[in-house]
1. Can you say whether residue 58 is modelled with pLDDT of 95 or more and either at positive phi or more than 26 Å from the chain's Cα centre (by Cα) (or both), as far as the supplied structure shows?
2. So, residue 264, is that one under 17 Å from residue 154 (Cα atoms) and either at pLDDT 90 or above or touching a helix residue (DSSP H, G or I) at 6+ places or on another chain (Cβ under 9 Å) (or both) or not?
3. Hey, among 28, 5, 39, which residue is in contact with a helix residue (DSSP H, G or I) (Cβ under 6 Å, 6 or more places away or on another chain) and in contact (Cβ under 8 Å) with a residue 24 or more places away in the chain?
4. Every residue in segment 42-51 that is under 23 Å from residue 126 (Cβ atoms) and without any contact (Cβ under 8 Å) to a residue 40 or more places away in the chain, please.
């Protein structure tokens, strides 16, 4: 028996198709654009979205799910109890539903599924930039190359020694660029115009709870390394290896990509938005440095 899917899909992409493939013989119910805008008005700004009926026809034509229809709970039946024979929302209908882990999905579940004693399972499919995806830390690619090479561990230690110099209250991070067996630049995240800036004026991040977006005023270590190389004559990052103690943010990933870095080594961290996709789009190899018990 297949899964029962509910999704808001204004535009279709490969990640939606991969989601369908993980749920063969599924029945898909599309949240209409009208319902989405009523529940979350900012979704009206999606100029690229196609009419929901057109999306229904499109997905049906692909044959990737068993059936597609619009998610239209009976207006006179807030508990999704329908007298229609075999209606999926009926008292004898489906109890469990699978939805993308997106803001609109949680609202739909709260308003329609839970009051009808249905259960909802949320899956992160990263198909569109809703606010859940924007703020969520995405796991690093599962098939990432892992290195326990003594050389890589030594170079990562050098970056770690730089990281502890950072005056940042939130996270101490460092980056070191290596080219032809030479460390050409190393830096930690720091404040401007001097490292005591937040001690004097305070840190804007103190007004924001952990995990929430806010103004970050430190210069990122990766950007500092790129700036150092730009300032020094004859020093470039084309073909270089960059060792970072924490996986780069999406903005740093774009600058690393354009700087010509060939390999990015990281020890820990997460990928927010599409940082890893940005790096891979230029063929940059991503390698996680992992210490083994035999390597102190």
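The values are calculated or read from the model by the stated rules, or taken from the named source; none is laboratory data. Note that the coordinates shown come from a computational prediction; the quantities given were computed from them, not determined experimentally. Cβ sites come from the backbone with ideal geometry, for glycine too, and all protein chains shown count toward neighbours.
1. Criteria met by residue 58.
2. yes
3. The unique qualifying residue is 39.
4. Hits for segment 42-51 are 42, 44, 45, 46, 47, 48, 49.
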